[in-house]
Amino acid sequence: MTILYFFLRFFASINSKKISKSLRILLFIGLIIFAVLFAIAGKFLLTLPLTIASLALLKLKGLSLFQLISLYRLIQTLRNTGRFSFNNKNSSNVSSMTTLEAYKILNLEPSENLTKEMVNKAYVNIQKKIHPDISPETARLSAIVNEAKEVVLKDLS
């Protein structure tokens, strides 16, 4: 009984942020261990949800799981249109982006009655996730999104 008393007293005196961080790290390590154990046992389908759950606990450079999924969708859209590749570092800056591609990159519908503010809001939401200050590897993506914004704004005027 006295051990429980001292444990609860110690637990109450710890900073809540420290408890949250420690619990997050403990859960992350536990989920990774379970994912590895399931992979060794041959239960590969069970490793995927554990890995995704562990990524949600771990925020890499301020990116949450939803932002990572959104960034992945943006990269796939750009790859499908031939606008982005990880391997060509010396790509030319000459652009032939169509207005339809620009709307798709900004997650906007051309059929909607868009305003300049709506375009800028969509642009800012994407730039928050891929700005080069957050991750230097996304500089090319940021340039493509800048170009898409300019194409859409030119189309609106």
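Here are a few things to note about the model shown:
- Only one entry in 134, 105, 144 is surrounded by 13 or more Cβ atoms within 10 Å (Cβ to Cβ), over 13 Å from residue 74 (Cβ atoms) and modelled with pLDDT under 90, namely 134.
- Whether a residue is in a helix (DSSP H, G or I), in contact (Cβ under 8 Å) with a residue 60 or more places away in the chain and among the hydrophobic types (A, V, I, L, M, F, W, C) was assessed, and residue 144 passes this test.
- Counting only residues that are assigned to a helix (DSSP H, G or I) and either among the hydroxyl-bearing types (Ser, Thr, Tyr) or over 23 Å from residue 156 (Cβ atoms) (or both), segment 102-128 holds 2 of them.
Table: residues versus (1) aliphatic (A, V, I, L, M); (2) in contact with a Lys or Arg (Cβ under 7 Å, 6 or more places away or on another chain); (3) modelled with pLDDT of 80 or more.
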site: 2; (1), (2), (3): no, no, yes
site: 10; (1), (2), (3): no, no, yes
site: 14; (1), (2), (3): yes, no, yes
site: 30; (1), (2), (3): no, no, yes
site: 44; (1), (2), (3): no, no, no
site: 50; (1), (2), (3): yes, no, no
site: 58; (1), (2), (3): yes, no, no
site: 67; (1), (2), (3): no, yes, no
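The values are calculated or read from the model by the stated rules, or taken from the named source; none is laboratory data. Just so it is clear, the structure is predicted and the values come from calculations on it, not from any experiment. Quick reminder, even Gly has a Cβ in these numbers, built from the backbone with ideal geometry, and neighbours come from all protein chains shown.
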